[in-house]
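Everything on this sheet refers to the single structure shown next.
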Amino acid sequence: TRTRATRVLDLLCNRTMVGLALAEGCAVYTQYLFLTWLPSYLQTTRGLTILKTGLFTAVPYAGAAVLGILLGRISDRLLTADAVGKGRRRSMGIVMMLSSSVILFTPFVDDIWLLLALFTISLTGMATAISLNFSLVNDLLRNPEDSGKAMSILIVGGNSFGVAAPIVTGHIIQATGSYNWAFGIAGLLLVAGATLLL
């Protein structure tokens, strides 16, 4: 019988598993960017008070929570058992990653309500893509005993990018004096994540 370590190594050497972990990282990077820098962005560049910043930070997350559940449900209803086995859930993941990349337009939006809609769309796409990646891993696994190992690889892949986001963003803002490149990098990573899923 194969040892657990060997099976983990097999997963780490599997191109699909590596691709999913990297795609997860591309989405989680943006998640951490929002978590750590969105309030500061709204205060320093949009002139919002702390109270309004809290509101404008909470609304996109609330919207993303509701819409993410709805979109996940739609994904489950659209997929047949055959499509699930063939990894077709990734199609919805690709669409969600690309919709999340609307964050690229942040520097060009002046209206605060349009910006709120943009953040809600981006957070919804990103959160849904992250959830769909978890489901996709289980869809593609041939051995249910590998589920925990595969999920661990996916989470480590995602959080490896995620923990870098606040640090990279801080350096970018310090170097450029602007958040534009911070949102640009996050958006480009989301496009890269969609490409990896494809």
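The values are calculated or read from the model by the stated rules, or taken from the named source; none is laboratory data. What you are looking at is a predicted structure, and each value in this text was computed from that prediction instead of being measured. Reconstructed Cβ throughout: ideal geometry from the backbone, glycine too, with neighbour counts over all protein chains shown. Each accessible area value is taken on the protein alone, full model and side chains, heavy atoms only, with ligands, DNA and RNA left out. Shrake-Rupley method; radii C 1.70, N 1.55, O 1.52, S 1.80 Å.
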Next on the checklist: Given the options Gly148, Gly157, Gly177, Gly87, name the one that is at positive phi and modelled with pLDDT under 90.
Outcome noted: Gly87
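Mind listing just one residue for me: the one in the stretch 75-91 that is in a helix (DSSP H, G or I) and touching a residue at least 12 places away in the same chain (Cβ under 8 Å) and, of those, surrounded by the most Cβ atoms within 10 Å (Cβ to Cβ)?
First, the residues of the stretch 75-91 that are in a helix (DSSP H, G or I): 75-78, 81-85, 89-91.
Next cut, touching a residue at least 12 places away in the same chain (Cβ under 8 Å) only: 75, 78, 84-85, 89-90.
Numbers: Ser75: 21, Leu78: 12, Val84: 17, Gly85: 12, Arg89: 23, Arg90: 25.
Checking each candidate, the answer is Arg90.
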Next on the checklist: If I go through the stretch 122-178 residue by residue, how many of them are hydrophobic (A, V, I, L, M, F, W, C) and more than 16 Å from the chain's Cα centre (by Cα)?
Outcome noted: 8
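Name the single residue that is modelled with the highest pLDDT among those in the stretch 39-84 being β-branched (Val, Ile, Thr) and touching a Lys or Arg at 6+ places or on another chain (Cβ under 9 Å).
Taking the stretch 39-84 and keeping what is β-branched (Val, Ile, Thr), we get 44-45, 49-50, 53, 57, 59, 66, 69, 74, 80, 84.
Going one step further and asking which of them are touching a Lys or Arg at 6+ places or on another chain (Cβ under 9 Å), we end up with 53, 80.
Details: Thr53: 86, Thr80: 79.
Taking the candidates together, the pick is Thr53.
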Checklist entry - Has the stretch 128-147 got any residue that is in contact with a helix residue (DSSP H, G or I) (Cβ under 8 Å, 6 or more places away or on another chain), surrounded by fewer than 16 Cβ atoms within 10 Å (Cβ to Cβ), β-branched (Val, Ile, Thr) and in a helix (DSSP H, G or I)? => result no
Checklist entry - Within the stretch 169-184, can you find the residues that are β-branched (Val, Ile, Thr) and out of contact with any helix residue (DSSP H, G or I) (no Cβ under 7 Å at 6 or more places or on another chain)? => result Thr176
Checklist entry - Hey, any hits in the stretch 106-124 for a residue that's open to solvent by 40 Å² or more (accessible area, probe 1.4 Å), assigned to a loop (DSSP other than H, G, I, E, B) and under 21 Å from Ala58 (Cα atoms)? => result yes
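Tell me the residue from Ile103, Ile94 that is in a helix (DSSP H, G or I) and open to solvent by 20 Å² or more (accessible area, probe 1.4 Å), please. Before the answer, list the steps.
Details: Ile103 fails: open to solvent by 20 Å² or more (accessible area, probe 1.4 Å).
Of the residues listed, the single one that is in a helix (DSSP H, G or I) and open to solvent by 20 Å² or more (accessible area, probe 1.4 Å) is Ile94.
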Checklist entry - Where residues in the stretch 47-60 are part of a helix (DSSP H, G or I) and open to solvent by less than 70 Å² (accessible area, probe 1.4 Å), which of them is nearest to Val137 (Cα to Cα)? => result Pro60
Checklist entry - For the stretch 2-46, which residues satisfy the criterion of being among the small types (Gly, Ala, Ser) and open to solvent by 60 Å² or more (accessible area, probe 1.4 Å)? => result Ala5
